[in-house]
1. Only counting other Cβ atoms within 10 Å, I'd like Glu67, Glu49 sorted with the fewest neighbours first.
2. Specify the residue with the greatest mean-square fluctuation among Gln28, Gln56, Gln39, computed from a Gaussian network of the chain linking alpha-carbon atoms under 10 Å apart.
3. Taking 0.36 nm per intervening residue step and subtracting the Cα-Cα distance, what contour gain separates Thr50 from Glu63 on full extension?
4. How many percent of Cα pairs in segment 1-89 exceed 18 Å?
5. Roughly what angle does helix 15-42 make with the longest principal axis of the chain, taking Cα atoms, 0 to 90 degrees, to the nearest 10?
6. Can you list residues from other chains, or at least 5 along the same chain, whose modelled amide H is less than 5 Å from the amide H of Arg80?
Amino acid sequence: MSSHDLAADFKNSSLRSLKEAVGDEVAQALRDVREKFMQLRSSASLQYETGLNRRQATVSAAETLREVKDAIGLLPSDQRLRGESKTLPVSE
């Protein structure tokens with residue numbers, strides 16, 4: 001249906017009728033998306049992946065924080081990172 005057809009259909013209707021019709025169409029269009037979202041949300045594999053990603057992010061953040069602390073001299077000498085000194089990128 002074209003925008004001109006819609007305008008003609010609602011020419012003599014109230015704004016409320018237009019809003020209700022638009023709301024119904026949007027709800028219908030999103031029904032499949034909502035159902036798929038609910039399936040994924042309850043999926044055990046998604047919950048596992050989310051937990052795994054969270055653990056990986058925590059490990060990565062801890063490593064980055066340790067590198068930063070080492071770079072600015074906040075780590076005790078016995079906890080300093082071994083090997084070459086790492087330099088952190090500086091944004092301008």
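Only the coordinates and a few stated rules stand behind these numbers; no lab work does. Given the structure is predicted, the values throughout are model-derived calculations rather than measurements. Glycine gets a Cβ as well: all are built from the backbone with ideal geometry, and neighbour counts include every protein chain shown.
1. Fewest-to-most Cβ neighbours within 10 Å comes out as Glu49, Glu67.
2. Residue with maximal mean-square fluctuation among Gln28, Gln56, Gln39: Gln28.
3. Additional length available on full extension: 2.7 nm.
4. 70
5. Roughly 40 degrees between the two axes.
6. none
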